[in-house]
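All of the numbers you see were taken from the coordinates with simple rules; none came from a lab. Keep in mind it's a predicted model, so treat the numbers as computed, not measured. Virtual Cβ from ideal backbone geometry, glycine too; neighbours counted across all protein chains shown.
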Amino acid sequence: VNDALLVVVIAQGIVYGTPLLYGALGELLAERSGVLNLGVEGMMLVGAVMGFWAVQRFHVTTSVALLAAVGVAAFAGAAIAAIHAFLVITLRANQIVSGLAITIFAGVAGLSSYLGNDLDLAKSPARHQFQEVFPKSWQDLPVVGPIVFGQSILVYASWVCVLLVALYLSRTRPGLNVRAVGDSPAAADAMGLNVSAYRYAHTLVGGAFAGVAGATFSLSITPQWIAGLTAGAGWIAIALVVFSFWRPTLCLVGAYLFGAFSSLPFVLQARDYSWAPPPELSQSLPYLMTIVALVLVSSRAARLRFGAPAALGRPYVREER
Amino acid sequence: VIRIERRLDQPRWLSLVVPVVSIAVAFLFATIVLLATHHPPLQTFRRLFQAAFLDNGALTETIVSATPLAFTGLCAAVAFRMNLFNIGGEGQLYAGAITGATVGLLVGGAPSPVVIVAMMLAGAAGGALLAAIPGVLRAFFSTSEIIVSLMLNYVVALIIDYLIFGSHSYLRDSSGFEASVFPQGKTLPDSATWPSWTIQGLVIPLGALVAVGVAFAVWFLYARTRFGFEVQVIGDSARAGRYAGMRTRRKIVAVMCLSGAIAGLGGASQDGDFRHQLDPRGLTQANYGYTGIVVAALARYNPFAVLLVAFLLGGLQNAGYTLQGADFPNGLVGVIQGLLLFCVLGGELFIRYRVRIERRRSPVTEAA
C-alpha cells in the first residue's frame with residue numbers, strides 16, 4: 001500500500017510543502033501587520049546557505065548542530081528582513097520595489113551565492129541532516145506510516161507553528177493588535193499601539209520563518225547547498241498567503257497541495273512510468289497551478305471583499321493619515 | 001528626538017546630490033561586505049572598474065551586456081510607470097528569443113533586411129503575447145500581475161529547456177554526432193545575423209541602436225501622447241481615470257503587451273546580435289530580466305536614464321563575468337546591485353522629507 005502513487009505523492013507533498021508552509025506563515029505574519037515583503041525568495045536562500053554553513057562548521061552532536069543551524073538560518077532571514085523593515089517602515093520606501101530589491105540582493109545572483117562561494121559550501125553534502133523521528137516499525141504502518149510518521153522534526157514543528165500562529169492571531173491580545181495595525185494603523189495608533197514596533201517585529205519574525213524555510217531545503221530536502229536551490233518556492237509561498245485568505249490553517253492545506261505539485265516530477269521520474277509526461281511539463285505544474293489558483297481566488301476575493309489586510313502595502317505616517 | 005517632516009518645496013540640487021550620496025553609501029556598504037569576507041575592497045573595485053570600462057575591448061563587451069539590460073529595463077520602466085509591476089521581463093525575453101529564432105530559421109532564405117525585420121516583429125510579438133497573460137488576468141480578474149508574471153518566468157525557462165534538451169524540436173540542432181551528445185540550438189542562417197558597426201574599435205550592434213530608438217519612442221509615448229497621459233493618470237489613481245471615462249482595463253492590457261514586446265525585442269536581439277541560436281543556458285543564467293528591474297528602479301522609470309543605468313550596470317555585469325574565478329567573489333555583482341537599489345530607494349526619503357534632530361527638552365524646563 002505504501003508504494004501506491006497516491007500515498008507517495010501525499011507523503012512527498014508534505015515534505016516539499018513544509019518550506020512553503022514556513023515561508024507562507026512568515027509572510028502571513030508580516031502582511032497581517034501591513035507589510036508586504038516580496039523578498040521571501042531571497043530571505044529563504046540566505047537562510048538556506050547560512051543554515052548549511054552552521055551544520056558544516058559546528059562540530060557538535062547531530063541534534064545540537066541541527067538546532068543551531070535552524071537558529072542561524074532564522075537569524076539570517078530576520079537580518080535580511082530587517083533591511084526591508086528599515087526601508088519601508090522608517091524610510092517609507094515603496095514596499096513592492098524594496099521587496100524585489102531584497103530578492104535581487106539576497107537571491108541567486110546575489111548574497112546567497114556570494115556566501116556559498118566564499119564559505120566554500122557547494123562541493124560537499126550536509127554533515128548532518130534531518131531524519132525521520134519515529135521508529136521504522138511505525139513508518140511501515142499502512143498509509144499513515146509514510147504520511148504521518150515518516151516525516152522529519154521540521155514537519156511536526158511546522159504543525160505546531162501553524163497552531164501557534166492561528167491561536168496568536170485569534171486568541172491573544174498582541175495578535176489582535178497586529179490585525180488592528182494591519183487593517184487600520186490610524187485606529188491602532190489612537191489606541192496607543194506603537195505601529196512601527198508591531199510592523200518591525202512581525203516583519204523580522206516573518207524573515208526568520210523564511211530563513212527556516214530555506215534551511216528546510218538545504219538540510220532536509222536537497223540536503224546540500226546548490227545556488228538557487230529554492231527555485232521559486234519563496235514566490236509560491238507569497239501566492240499561498242493570498243489564496244489562503246491570510247489564514248494560517250488554510251496555508252497548511254495550500255502548502256501541501258503545492259508541495260504535492262512540486263514533488264510530482266521527482267516521484268514520476270523515480271518510477272519511470274511509460275505514461276509520464278515530459279519532465280519539463282510536470283516541473284512547470286506548480287507554477288501553472290499557482291496562476292490558476294490565484295485567478296480563482298482573486299476574482300472571488302474581489303467579490304466578497306474578504307481577506308487582505310486593509311492597509312497592506314501602505315506606509316503609516318501619523319502626520320499624513 | 002528625530003523628526004521626519006514632509007518638505008513643502010523640493011530644492012533642485014537635492015535631486016542631484018541625494019542619488020550621488022546614495023551611490024557612495026552603497027559602495028560603502030559593499031566595502032563592509034568585502035571586508036567582512038576578507039577581500040581587499042579597493043583592489044576589487046578597481047579591478048571591477050577596469051574590467052568594465054578601461055581594459056582592451058572592455059567597452060565593447062560592456063555594450064554586449066548593456067543591450068539586453070536596456071531592453072528589460074525599458075520593459076520594467078514602461079509597466080512600473082503605471083504601477084503595473086511586470087517582473088516577467090525575464091520570461092518575456094526568453095519568449096522573444098524563442099519566436100525570434102523560430103522566424104529566423106523559417107524565413108532564413110529571404111534577403112537579410114527582411115529576415116531581420118521579421119525576427120524583430122516575431123520577438124516583440126512573442127514577448128507581448130506572454131505579457132498579455134498577466135495583463136488580461138490583472139485587468140479582468142484583478143489577479144496580482146507580480147506573481148503571475150513571475151511564475152511564467154519559470155514556465156518559459158522550462159519551455160526553452162524542453163525545446164533544446166527535452167525534445168527533437170525544430171529549433172534543436174540535429175545534425176551530426178556532437179549535436180546528439182551535447183544538445184544545442186540550430187545555428188541561424190547568415191541572413192539572420194544582425195549587422196554591427198565598428199567605430200574606433202568599439203563595436204555597436206544593431207540591437208543597441210534599436211534600444212536607443214525604443215527609449216525615444218517610450219519617451220514620446222509617455223510625454224507627448226494622449227495614451228501616455230491616460231496611462232499615467234490611471235497609474236496614479238485608477239478610480240480617477242475611470243471617472244474621467246478612460247478605459248482602464250484596455251490600458252492595463254496594452255501597457256503589459258507593450259512592456260512584454262520590448263523585452264521580447266531584447267530576446268530577438270539576443271538571437272540576432274549575439275548568440276545566433278536559441279541558447280537556453282546562456283539566456284537563463286544571465287538574469288537579464290531581473291537586473292532590468294534594478295535598472296528601471298535606479299533610473300526612476302525615465303527611459304533615457306534607463307539607457308545610462310543599463311550601460312553602467314552592464315559594465316558591472318560584464319566585469320563580473322570577466323573576473324569570475326577563484327579569487328574574485330562570485331555573486332558580488334548582485335550584492336552591489338541590491339545595495340545600490342536599497343540606498344537609492346532609502347535616499348528618496350530625503351528628497352521628499354526633511355529630517356530634523358531636535359534636542360529633547362530637559363525635564364527641568366518641562367517642569368517649569
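Here are the numbers:
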item: Helix axis angle, A:279-304 relative to chain A longest principal axis, alpha carbon, degrees; result: 30 degrees
item: On Cα atoms only, tilt of A:95-106 relative to the major axis of chain A in degrees; result: 40 degrees
item: Peptide A:89-95, shielding by other chains (average Cβ, 10 Å cutoff); result: 5
item: Shape metrics for the protein assembly as shown, restricted to C-alpha atoms - Rg then Dmax, Å; result: 25.5, 94
item: For residues of A:234-247, the mean tally of beta carbons on other chains within 10 Å; result: 2
item: Chain B: relative contact order in percent, alpha carbon pairs under 8 Å with at least 6 residues between; result: 37 percent
item: Sites B:ARG12 and B:TYR170, calculated FRET efficiency, Cβ-Cβ separation with R0 45 Å, nearest 0.05; result: 0.20
item: Calculated FRET efficiency for the pair A:VAL317/A:ASP3, C-beta based, R₀ 51 Å, to 0.05; result: 0.30
item: For peptides A:180-186, A:138-144, B:227-233, B:173-179, sequence by mean Cβ density within 10 Å, most packed first; result: A:180-186, B:227-233, A:138-144, B:173-179
item: Span from the the stretch B:138-206 Cα centroid across to the the stretch B:261-280 one, whole angstrom; result: 7 Å
item: DSSP-assigned coil residues among trypsin sites (Lys or Arg not before Pro) in the stretch B:6-108, each with at most 15 further Cβ atoms within 10 Å; result: B:ARG7, B:ARG12
item: Angle between chain B longest axis and helix B:248-269 axis [Cα atoms, degrees, rounded to 10]; result: 60 degrees
item: Highest-fluctuation residue, A:HIS128, A:HIS202, A:HIS84 considered, GNM on chain A with Cα pairs under 10 Å; result: A:HIS128
item: In nm, spacing of pseudo-spin labels at A:LEU164 and B:VAL117 (7 Å Cα→C-beta vector); result: 6.6 nm
item: Order by protection proxy (mean Cβ within 10 Å, highest first), peptides A:36-45, A:14-23, A:266-275; result: A:36-45, A:14-23, A:266-275
item: Column: log10 I(q)/I(0), Debye, Cα scatterers of chain B, q = 0.08, 0.10, 0.13, 0.14 Å⁻¹; result: -0.46, -0.69, -1.09, -1.22
item: Diffusion constant of the stretch A:186-301 at 20 °C, which comes from Stokes-Einstein with the Kirkwood Cα-pair radius and 1.002 mPa s, µm²/s; result: 129 µm²/s
item: Relative intensity, log₁₀ I(q)/I(0), of chain A from a Debye sum that treats every alpha carbon as a point, q = 0.07 Å⁻¹; result: -0.27
item: Residue with peak Gaussian network fluctuation, chain B [Cα springs, cutoff 10 Å], from B:PRO40, B:PRO11, B:PRO68; result: B:PRO11
item: Mean shadow area of the stretch B:21-145 over all directions, Cα convex hull, nm²; result: 12.1 nm²
item: For A:113-120, mean number of other protein chain Cβ atoms within 10 Å; result: 5
item: Ratio of Rg to Rh over the stretch A:132-220 (Cα coordinates, Kirkwood Rh, two decimals); result: 1.18
item: Pair-distance profile P(r), taking every C-alpha pair of the stretch B:220-368, with 10 angstrom steps and integer %; result: 9, 25, 27, 20, 10, 6, 3, 1, 0
item: The stretch A:35-80-the stretch B:70-136 distance, computed between alpha-carbon centres (Å); result: 39 Å
item: Relative contact order of the stretch A:164-210, defined on C-alpha pairs under 8 angstrom at six or more residues apart (%); result: 20 percent
item: The stretch B:177-246: projected area of the alpha-carbon convex hull, averaged over directions, in nm²; result: 10.2 nm²
item: Point-to-point label distance, B:ALA179-A:LEU288, nm (Cα→Cβ direction, 7 Å offset); result: 2.8 nm
item: Mean shadow area of the stretch B:121-251 over all directions, Cα convex hull, nm²; result: 12.3 nm²
item: Equivalent-ellipsoid semi-axes of the stretch A:15-57, from the Cα gyration tensor, Å, largest first; result: 23, 13, 8
item: Cα-Cα pairs of the stretch B:208-266 separated by more than 17 Å (percent); result: 42 percent
item: Volume per residue that the Cα convex hull of the stretch A:65-177 spans, once the total is divided by residue count, Å³; result: 181 Å³
item: Computed label-point distance, nm, for sites A:SER137 and B:LEU221 using a 7 Å Cα→Cβ extension; result: 7.1 nm
item: Selected from B:THR99, B:THR187, B:THR37 as most flexible by GNM, with chain B as the system and alpha-carbon contacts under 10 Å; result: B:THR37
item: Cα centroid separation, the stretch A:1-33 to the stretch A:192-218 (Å); result: 19 Å
item: Spread of Cα-to-Cα distances over 10 Å intervals beginning at zero, given as percent, for the stretch B:30-72; result: 28, 33, 31, 8
